[in-house]
Amino acid sequence: MVVGRCANGVPPTFPMDEELIWLCLVNHLQRLGLADHFTREIEDNLAMIYWNYKTRESPEKSGNNADVAIQLHKDSLAFRLLRMHGYTVSPGRLCWFMNNEKVRAHIEENHEYLSISMLNVYRATDLKFPGEDKLEEARSFSRKVLEKIALKDTSFGCTGLKKMMEHELRFPWIARLDRLDHRAWIEDSNNTILWVGKTSSHRLSTLLNKKLLQLAVAEYEFRQSTYRNELEEVTRWSKSRGMSDMGFGRERTTYCYFAIASSIPLPYDSEVRMIITKSAVVITIADDFYDTEASFDELNSLTDAIARWDAKGLSGHSKTIFNALDDLVTEIVAKVLHQNGIDITFFLQQTWYETFNSWLVEAGAKWSMGGFVPSTEEYLGTGMVSIALHTLVLPASYLLNPSLTDCKVRAGEYQPVTKLSMLIPRLLNDIQSYQKEQEEGKMNYVLLYMRENPGADIEDSTAYVREILDNKWGEFLQHVLMDDRLGELPKASKFLHLSCVKVFQMFFHSSNRYDSNMDMLQDIQKAIYIPLDIG
């Protein structure tokens, strides 16, 4: 028995159909962090659900929307799960209720009864693509309903569900890390509720839930042990290469590892976490060196050394940075050569040179030191590179399965999904850092937009940038989830792009968390050190 019923002796008002049960179960497995243990079962069931999805009329066309709550619950779960797995699903199959005034009125009058349905509608609209205006309308409507529920006092039947809603409204999916979401779901005593009706609720059976919870706890705590060991190892690497004792800038080894480990669903033994963390440490130190520490001559000398890939003539911090980078590139080349039989030395050297040269342009004679003011287009051309997300993701993608071996990836020539993953973090960073950079006399897209549009104030400029971000995020999601043309990046690489962009969303969603010494400490503790509390 998969489903049990709790109703104080009152029978449910509707039957639970098998398809809805499977959707609820797949959703539950994913939120527990167990999807990788049931890959085949999830794929088979979603394929079956999609076949039914295509052959069945939408509620709007069939006129059968008497059970609004259960229909919305089912449609929203199906939309999100199918779209996340690359199936083509129409927004109309989710947004049918927006065309029916009576249904919307019913939802508003019975919002508590429909709370789980509205929460899942809201979560489904996280996956909005460009031009899907109906999804935006559904998102706005469901958010208003959830806000109405969240404003009520604790007399609302399920305080756990209310907290879940408040969390969803405050921290959007695009700015959350998967591992912390898994922890919250495991610890939530209401996570087994599949459905809440007016007079009854349906839960997973006690036996099934016990087994899944045991597996989820074991999975989470084993990963915590793995993460602790890896963090110790990468911290030793950072110290041995001089990265943590530079005497200037930000020491962010723990931040980098936490963000990568908590966002990217990788196997226990994956080397990708360590490679991206080491790359992020070098990027942070080198970026700070170019920004705040180096003289003009040091900037040119180090950039020239990277171009030649030769440390001759370097000393002090410049030599320490070059040697750490050379060690990292040598390590990546050896691993890719062993795993895939190809030598990516030239690609790595060119990619890193492109990144260092972008820092030289920003901090060197041309911009900050030279007083040159670029156009917004020129700024973004360099700023997309200097944020260095591609420098993290593309080399690491050669260690995924499947890798980039069969893709023609060249430094400076990137596919749309990579270009968008470079643009989005740059704009996110600029929204949170324009005040600091204005004080320091540095370039920033928010400030440059105001310069090119004299009638715009800071609110106009940030609103304009946020509108760009919203549109580009939809394009990015569509490339990650749907595009699968010949010669494109493998799906694993595209999801790595997604995870890393979500890390930047987390860093810069409402403030600059990356530059804060305290803001992420509790999240780090939960992800790596503090045991689960399941009551």
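The values are calculated or read from the model by the stated rules, or taken from the named source; none is laboratory data. It should be emphasised that the depicted structure is a prediction, and the values quoted were computed from it without experimental measurement. Ideal geometry is used to build each Cβ from the backbone, glycine not excepted, and the neighbour counts take in all protein chains shown. These accessible areas exclude ligands, DNA and RNA; they are computed on the full protein's heavy atoms, side chains included. Shrake-Rupley method; radii C 1.70, N 1.55, O 1.52, S 1.80 Å.
Number of residues in the range 334-353 that are of a type in the set (Val, Ile, Thr), part of a helix (DSSP H, G or I) and either open to solvent by 20 Å² or more (accessible area, probe 1.4 Å) or over 24 Å from Asp406 (Cβ atoms) (or both): the value is 1. Here are some residues: Pro374, Pro416, Pro395, Pro425. Which one is open to solvent by less than 20 Å² (accessible area, probe 1.4 Å), at pLDDT below 95 and not small (Gly, Ala, Ser)? Criteria check complete, one pass: Pro374. Scanning the range 421-443 for residues that are without any contact (Cβ under 8 Å) to a residue 24 or more places away in the chain and either in a loop (DSSP other than H, G, I, E, B) or aliphatic (A, V, I, L, M) (or both) returns a single hit, Glu440.
Considering the range 262-283, and only residues there that are without any contact (Cβ under 8 Å) to a residue 60 or more places away in the chain and of a type in the set (A, V, I, L, M), the residue that is farthest from Tyr220 (Cα to Cα) turns out to be Val282. Among the residues of the range 374-382, some residue qualifies, meaning at least one is assigned to a helix (DSSP H, G or I) and of a type in the set (S, T, N, Q).
Within the range 287-300, does at least one residue satisfy the condition of being in a loop (DSSP other than H, G, I, E, B), within 26 Å of Phe346 (Cα to Cα), open to solvent by 40 Å² or more (accessible area, probe 1.4 Å) and modelled with pLDDT under 95?
Scanning the range 287-300 turns up no residue that is in a loop (DSSP other than H, G, I, E, B), within 26 Å of Phe346 (Cα to Cα), open to solvent by 40 Å² or more (accessible area, probe 1.4 Å) and modelled with pLDDT under 95.
Can Ser403 be described as surrounded by fewer than 23 Cβ atoms within 10 Å (Cβ to Cβ) and outside any helix (DSSP H, G or I)? Considered against the rule, which asks whether it is surrounded by fewer than 23 Cβ atoms within 10 Å (Cβ to Cβ) and outside any helix (DSSP H, G or I), Ser403 comes out as yes.
Among residues belonging to the range 93-130 that are charged (D, E, K, R) and assigned to a helix (DSSP H, G or I), point out the one that is farthest from Gln71 (Cα to Cα). For the range 93-130, the residue satisfying everything is Asp126. When we screen Arg80, Arg104 for residues that are within 24 Å of Lys494 (Cβ to Cβ) and modelled with pLDDT of 80 or more, the only hit is Arg80. Inside the range 501-522, can you point out the residues that are touching a Ser or Thr at 6+ places or on another chain (Cβ under 8 Å) and of a type in the set (Asp, Glu)? Listed by number, the list holds a single entry, Asp519. Only one of the numbered conditions (1) assigned to a helix (DSSP H, G or I); (2) of a type outside the set (D, E, K, R); (3) at pLDDT below 95; (4) more than 26 Å from Gly441 (Cβ to Cβ) is not met by Tyr268, and that is (1). Filter the range 91-116 for residues that are among the small types (Gly, Ala, Ser) and within 29 Å of the chain's Cα centre (by Cα); which is surrounded by the fewest Cβ atoms within 10 Å (Cβ to Cβ)? Once the filter is applied, the top-ranked residue is Gly92.
Counting the residues of the range 318-332 that are open to solvent by 20 Å² or more (accessible area, probe 1.4 Å) and either aliphatic (A, V, I, L, M) or more than 30 Å from the chain's Cα centre (by Cα) (or both) gives 3.
A Cβ distance below 9 Å, combined with a sequence gap of six or more or placement on separate chains, defines the contacts here; from the range 211-233, residues that are within 13 Å of Arg183 (Cα to Cα) and β-branched (Val, Ile, Thr) reach residues that are outside any helix (DSSP H, G or I) and open to solvent by less than 40 Å² (accessible area, probe 1.4 Å) in the pairs Val217/Leu532. Once the range 302-317 is narrowed to residues that are within 21 Å of Thr345 (Cα to Cα) and not charged (D, E, K, R), the residue that is surrounded by the fewest Cβ atoms within 10 Å (Cβ to Cβ) is Ala307. Does the range 517-532 contain any residue that is over 24 Å from Tyr227 (Cα atoms) and under 19 Å from the mean Cα position of the chain (by Cα)? No; the residues of the range 517-532 include none that is over 24 Å from Tyr227 (Cα atoms) and under 19 Å from the mean Cα position of the chain (by Cα). The set of residues in the range 493-512 being under 22 Å from Lys436 (Cα atoms) and assigned to a helix (DSSP H, G or I) consists of Val503, Phe504, Gln505, Met506, Phe507, Phe508.
For Ala411, indicate whether it is aliphatic (A, V, I, L, M), under 29 Å from Ala363 (Cβ atoms), without any contact (Cβ under 8 Å) to a residue 12 or more places away in the chain and out of contact with any Pro (no Cβ under 6 Å at 6 or more places or on another chain). Here the answer is no, as Ala411 does not meet what is asked. Of all residues in the range 65-90, those being over 16 Å from Gln30 (Cβ atoms), buried (at least 22 other Cβ atoms within 10 Å of the Cβ) and among the polar types (S, T, N, Q) number 0. Within the range 225-263, the residues that satisfy the criterion of being assigned to a helix (DSSP H, G or I) and either more than 27 Å from the chain's Cα centre (by Cα) or farther than 30 Å from Asp287 by Cα (or both) are Ser225, Arg236, Lys239, Ser240. Listed by first and then second residue, the pairs with beta-carbon distance under 6 Å, at least 6 apart or on different chains, first residue in the range 98-115 and in contact (Cβ under 8 Å) with a residue 12 or more places away in the chain, second assigned to a loop (DSSP other than H, G, I, E, B) and of a type in the set (A, V, I, L, M, F, W, C), are Ile107/Leu114. Looking at Ile528, Ile534, just one residue is part of a helix (DSSP H, G or I) and in contact (Cβ under 8 Å) with a residue 24 or more places away in the chain, and that residue is Ile528.
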